[in-house]
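One structure is given below, encoded as structure tokens.
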Amino acid sequence: MRWFVVFLVFIATGLSFLDRQVLSIAIIKIQKEFAFTDVEYGWVNTSFLLSYALMFTLGGWIIDRVGAKKGLAVAVGVWSVANALHGVMTSLPQLLMFRFFLGMGEGACFPGAAKTVYDWFDKKERALANGIAIGGSAIGAVIAPPLTIWISEYYGWRAGFVIPGLVGIGWVVVWLMIPWKKSLSYAASLNPVKVSVPLLSLFQFRQTWVFILMRFLLDPVMYFMMFWIPKYLSEVRHVPYKEIGNLFWVPFLALGVSNILGGFISDRLVKSGYSINKARKTVMGLAAAITLAVPFTEYVSSVYLAVGFMALYMFAHGLWITNYITAISDVFGTKATSTVVGLSGTAGAISSLLLNPLIGKIVQGYSYKPMWIASGLLYPIAFIGFILLIPRIKPIFNEGLDYLTGDPKVVV
């Protein structure tokens, strides 16, 4: 049952990326029909990012309290309905509103995925399960462009929103039918009382700040890859528009493979005798080392080699993010995993929101070269900070309760 559960989470994260990318393809036809300007389209994207950033933290906090089953059902339900409503919109205010609610639902997706994995898997299988769970997002990004184009050609652009929305609603029905099992951890089974940690109290721990700052530092690199690769291929590499679609999916496929592979390697290391600390950091260190090759994207003459280095970055990021999220669950356990994943995701979204205009100025006024160099150096810098500031990955809280106060015990 637990592998079926994680497969459903894989589908949910896949739907989240698919649903958010439909607009980037359908906007070509929408702008022709409604005469929306590029500035107005920019506001539509901002509407999504604002609610997405907010709900990463709020959604994680809520899920730690109501549980992954209810929390993820509500999240997928909200964004699926919002996505389907895109297909009936007739004005810019409607599109702004539906996009805002799409971000609200999707913001809780990854905190809910992390919480689900922690509920169903022990430490020897948790990294692989996390890799599968978040790997769906990359697969969603791979299939979104061709699927949206195919649906639009046969049924119109509105169906490109409605059909995935209905699939998401069907997912919620299946998800709610699952007989939910609490954490497989022995400590949790001894004391099944559900206790969450107050949000503000998490900021007293150094580990919270380290995970937040790592995401704040690195997420702009990932968003640069997502938002700027097509423009780079067109403007610098002079790749025709249709050919971009044939190349853009390759890095995301590498991401999906490495999400799962990163979890598999980490779990194998644990089963072979590595400590949790050594296993997670070994894979993250390997990922950081791989990113050192990314700046070569700027210097190779072949466009296919350039895309290969982009795929290499995505491969490294997949190894990294799977073990990063798993490390959060290793540290914060059942009481605060979703909340900390949410806080870090909010930090990354805010950082990306602030830095994207700066990226535009650098690209417009100089070149893409500084961006490729930064993409290659930031992960090693983050990894060095990680091993220095968190010398050992270990739980902060005992799974049980303080028998005098009823508060979560802090591991000394």
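The values are calculated or read from the model by the stated rules, or taken from the named source; none is laboratory data. In this text the structure is predicted, and so the values were computed from the model without any measurement. With ideal geometry, Cβ positions are generated from the backbone for all residues, glycine too; neighbour counts draw on all protein chains shown.
For segment 102-141, a residue qualifies if it is closer than 15 Å to V5 by Cβ and part of a loop (DSSP other than H, G, I, E, B), and the qualifying residues are F121, D122, E125. For segment 302-309, the criterion of being within 16 Å of F224 (Cβ to Cβ) and without any contact (Cβ under 8 Å) to a residue 24 or more places away in the chain is met by at least one residue. Look at segment 344-372: where a residue is farther than 15 Å from E235 by Cα and a partner is of a type in the set (K, R), sitting 6+ places away or on another chain with Cβ atoms under 6 Å, you get S344/R215; A347/R215; G348/R215. For the subset of segment 357-397 comprising residues that are surrounded by fewer than 16 Cβ atoms within 10 Å (Cβ to Cβ) and among the polar types (S, T, N, Q), which member is nearest to Y299 (Cα to Cα)? Within segment 357-397, the match that is nearest to Y299 (Cα to Cα) is S367.
Residues in segment 302-339 that are under 15 Å from N130 (Cα atoms), in contact with a Pro (Cβ under 8 Å, 6 or more places away or on another chain) and of a type in the set (G, A, S): G333, S338. Here segment 186-245 is the region considered, the condition is being modelled with pLDDT under 75 and of a type in the set (S, T, N, Q), and the residue that is surrounded by the fewest Cβ atoms within 10 Å (Cβ to Cβ) is S189. Considering segment 157-174, the residues that are within 23 Å of F34 (Cα to Cα) and part of a helix (DSSP H, G or I) include one that is farthest from the chain's Cα centre (by Cα), namely A159.
Considering segment 318-340, and only residues there that are polar (S, T, N, Q) and over 21 Å from L54 (Cβ atoms), the residue that is modelled with the lowest pLDDT turns out to be T334. Name every residue in segment 80-99 that is in contact with a Phe, Trp or Tyr (Cβ under 7 Å, 6 or more places away or on another chain) and either under 16 Å from D19 (Cβ atoms) or small (G, A, S) (or both), in order of residue number. A82, N83, A84, L85, H86, G87, M89, R99, listed by residue number. Does W120 fit the bill of being within 24 Å of S329 (Cβ to Cβ), crowded, with 20+ Cβ neighbours inside 10 Å, in contact with a Lys or Arg (Cβ under 6 Å, 6 or more places away or on another chain) and not hydroxyl-bearing (S, T, Y)? So W120 passes the test. Of the residues screened, G103 is one that is buried (at least 23 other Cβ atoms within 10 Å of the Cβ), small (G, A, S), on the phi < 0 side of the Ramachandran plot and out of contact with any Gly (no Cβ under 8 Å at 6 or more places or on another chain). Of all residues in segment 330-343, those that are among the polar types (S, T, N, Q) and over 15 Å from the mean Cα position of the chain (by Cα) total 1.
Of D64, D38, D119, which residue is in contact (Cβ under 8 Å) with a residue 24 or more places away in the chain, among the charged types (D, E, K, R) and more than 21 Å from A347 (Cα to Cα)? The unique qualifying residue is D119. When restricted to residues that are assigned to a helix (DSSP H, G or I) and farther than 22 Å from I393 by Cα, segment 324-373 contains 23.
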